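Worksheet for the structure shown next.
The values are calculated or read from the model by the stated rules, or taken from the named source; none is laboratory data. These figures come from a predicted structure and were not determined experimentally. Cβ sites come from the backbone with ideal geometry, for glycine too, and all protein chains shown count toward neighbours. For accessibility, only protein heavy atoms count, side chains too; no ligands or nucleic acids. Shrake-Rupley method; radii C 1.70, N 1.55, O 1.52, S 1.80 Å.
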Amino acid sequence: MDLKSSKASPVLTDPVPIDKSRLGIRGVLPYAQSGPSFSTSVLAIPRRKPGKLDDVRSNGWLDAMKSSSPPRKKIMKDVNVEVVLDDGDAAYDSWMSKYPSALKSFGKIMNSAKNRRIVIFLDYDGTLSPIVDDPDRAFMSADMRSAVKSVATYFPTAIISGRSRDKVYELVGLTELYYAGSHGMDIMLPDRDTEPTNHSGCIKSTDLLDKEVNLFQPASEFLPMIDEVFRTLVENTKDIKGAKVENHKFCTSVHYRNVDEKSWPIIAQRVHDILNSYPRLRLTHGRKVLEVRPVIDWDKGKAVEFLLESLGLSNSPDVLSIYIGDDRTDEDAFKALRSESRGYGIIVSAVPKETNAFFSLRDPSEVKKFLEALVRMKEQGDL
Ligand SMILES: O=P(O)(O)OC[C@H]1O[C@H](O[C@H]2O[C@H](CO)[C@@H](O)[C@H](O)[C@H]2O)[C@H](O)[C@@H](O)[C@@H]1O
């Protein structure tokens with residue numbers, strides 16, 4: 001990607017208009033696009049009568065919610081389609097023939113890495129840390145931290161997470177990595193590592209240690225809108241037991257992992273109704289989480305391209321990128337690497353999933369083994 005072209009904003013300026021009057025929702029906040037603009041704390045969405053939940057049923061949200069993070073013995077073709085199989089293990093084995101284990105294929109991966117510079121991209125939740133009920137307690141193990149630290153000693157290594165950049169840095173705690181938060185919409189690069197010619201679109205800042213950094217934040221204009229919608233979501237889900245809303249700075253998420261399944265239609269409908277007041281925001285589905293993000297042409301794949309370009313590692317046949325992730329949002333990065341054979345996506349999953357990755361790993365413990373194997377290869381001088 002030519003970073004000079006990043007002067008052209010990735011913000012899409014032509015959102016699809018929607019008929020908010022249909023839902024009777026008044027836009028009473030500065031960034032909600034209907035009605036007068038005045039400042040207040042949150043948008044109170046009129047409650048629907050029980051049984052009036054047609055929107056989320058007809059638009060597939062509920063199906064997507066039910067199929068996110070499916071139990072074993074289910075195959076997920078897409079979040080909207082779920083097929084129950086009699087024998088989960090047979091299904092997994094057959095899926096593995098299409099997406100072989102990156103551990104078993106390690107030799108093959110290393111062969112294509114010969115005489116090339118390896119760059120590592122890592123997702124956080126479900127990749128470096130196991131999925132747990134409380135997002136605030138998704139800690140990575142000390143062994144995993146040590147594996148990631150060793151990898152970063154030898155290879156440029158970046159974390160690309162849906163969480164806010166500050167939060168993921170707090171969880172990982174390693175200064176030797178590059179960090180991209182908010183699904184790649186908040187990238188921080190040390191000034192010393194950034195190609196001098198590739199600064200367009202970045203703003204200068206300093207990090208927590210007062211070092212000069214470049215920040216790339218293509219959704220910065222959405223900051224107040226996301227803050228507003230976050231507060232509105234908190235207000236409008238506070239009576240739903242187990243619901244949790246997180247503010248990730250340039251996006252916000254509504255967790256329903258701990259919500260009784262009977263209340264999923266309610267939480268979905270509330271989020272849906274709020275989003276109707278924000279045509280410049282859209283929804284994506286994660287693992288038992290509804291993610292609200294700006295309508296901009298930017299994703300984890302674009303973030304990978306941006307990082308490679310900024311570090312002077314783009315468009316080079318001498319570079320092999322490896323991206324390890326478990327979520328639907330990681331698919332954009334897998335696609336970016338597939339195009340022009342830039343490298344390999346590795347999906348972390350214990351169930352068969354439709355994916356753009358090349359290889360698979362079952363869970364974070366296998367991710368750790370893979371990272372440790374990379375380090376061993378380097379230390380033995382085989383890379
Ligand atoms: O891009 P990622 O780093 O994978 O972040 C994606 C989401 O991860 C977190 O939620 C997921 O992990 C939680 C902790 O294990 C789990 O409780 C939740 O159900 C999962 O969806 C994070 O809290 C989200 O905000 C991120 O968007």
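Points worth noting:
- Subset tally (residues that are touching a residue at least 60 places away in the same chain (Cβ under 8 Å), away from the ligand (no atom under 16 Å from the Cβ) and of a type outside the set (Phe, Trp, Tyr)) for segment 273-315: 17
The rows are residues; the columns are (1) open to solvent by 10 Å² or more (accessible area, probe 1.4 Å); (2) part of a strand (DSSP E or B); (3) within 14 Å of the ligand (Cβ to nearest atom).
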{"position": "Ser112", "(1), (2), (3)": "yes, no, no"}
{"position": "Asp133", "(1), (2), (3)": "yes, no, yes"}
{"position": "Phe139", "(1), (2), (3)": "yes, no, yes"}
{"position": "Ile159", "(1), (2), (3)": "no, yes, yes"}
{"position": "Lys167", "(1), (2), (3)": "yes, no, yes"}
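- Only a single criterion out of (1) open to solvent by less than 10 Å² (accessible area, probe 1.4 Å); (2) at pLDDT 95 or above; (3) outside any loop (DSSP other than H, G, I, E, B) is not satisfied by Thr127, namely (3).
- Against the list (1) away from the ligand (no atom under 16 Å from the Cβ); (2) touching a residue at least 12 places away in the same chain (Cβ under 8 Å); (3) assigned to a loop (DSSP other than H, G, I, E, B), the condition Met96 fails is (3).
- Considering segment 316-331, the residues that are in a helix (DSSP H, G or I) and within 11 Å of the ligand (Cβ to nearest atom) include one that is surrounded by the fewest Cβ atoms within 10 Å (Cβ to Cβ), namely Arg328.
For every residue, the table says whether it meets (1) of a type in the set (Asp, Glu); (2) modelled with pLDDT under 95; (3) more than 19 Å from Ala333 (Cβ to Cβ).
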position	(1), (2), (3)
Tyr99	no, no, no
Lys108	no, no, yes
Ser150	no, no, yes
Thr153	no, no, yes
Ala158	no, no, no
Ser164	no, no, no
Glu176	yes, yes, yes
Tyr179	no, no, no
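- Applying the condition of being buried (at least 19 other Cβ atoms within 10 Å of the Cβ) and among the aliphatic types (A, V, I, L, M) to segment 284-315 and asking which residue is farthest from Leu233 (Cα to Cα) yields Leu308.
- Under the condition of being open to solvent by 30 Å² or more (accessible area, probe 1.4 Å) and assigned to a loop (DSSP other than H, G, I, E, B), the residues counted in segment 244-262 number 4.
- The number of residues in segment 169-197 that are out of contact with any Cys (no Cβ under 8 Å at 6 or more places or on another chain), assigned to a helix (DSSP H, G or I) and surrounded by 21 or more Cβ atoms within 10 Å (Cβ to Cβ) comes to 2.
- Any chance Leu371 is open to solvent by less than 10 Å² (accessible area, probe 1.4 Å) and aliphatic (A, V, I, L, M): yes
- Restricting segment 141-151 to residues that are of a type outside the set (Asp, Glu) and surrounded by fewer than 21 Cβ atoms within 10 Å (Cβ to Cβ), the residue that is nearest to Val375 (Cα to Cα): Ser150
- Scope segment 224-272; condition over 21 Å from Thr329 (Cα atoms), of a type in the set (Ser, Thr, Tyr) and free of Cβ contacts under 8 Å to residues at least 60 places away in the same chain; matching residues: Thr237, Ser263
- Glu235 being open to solvent by 10 Å² or more (accessible area, probe 1.4 Å) and more than 16 Å from the ligand (Cβ to nearest atom): yes
- Test result for Lys66, at negative phi and modelled with pLDDT under 95: yes
- Selected residue (only one of Leu215, Leu223, Leu189 is of a type outside the set (Asp, Glu), under 20 Å from Tyr323 (Cα atoms) and out of contact with any Leu (no Cβ under 6 Å at 6 or more places or on another chain)): Leu189
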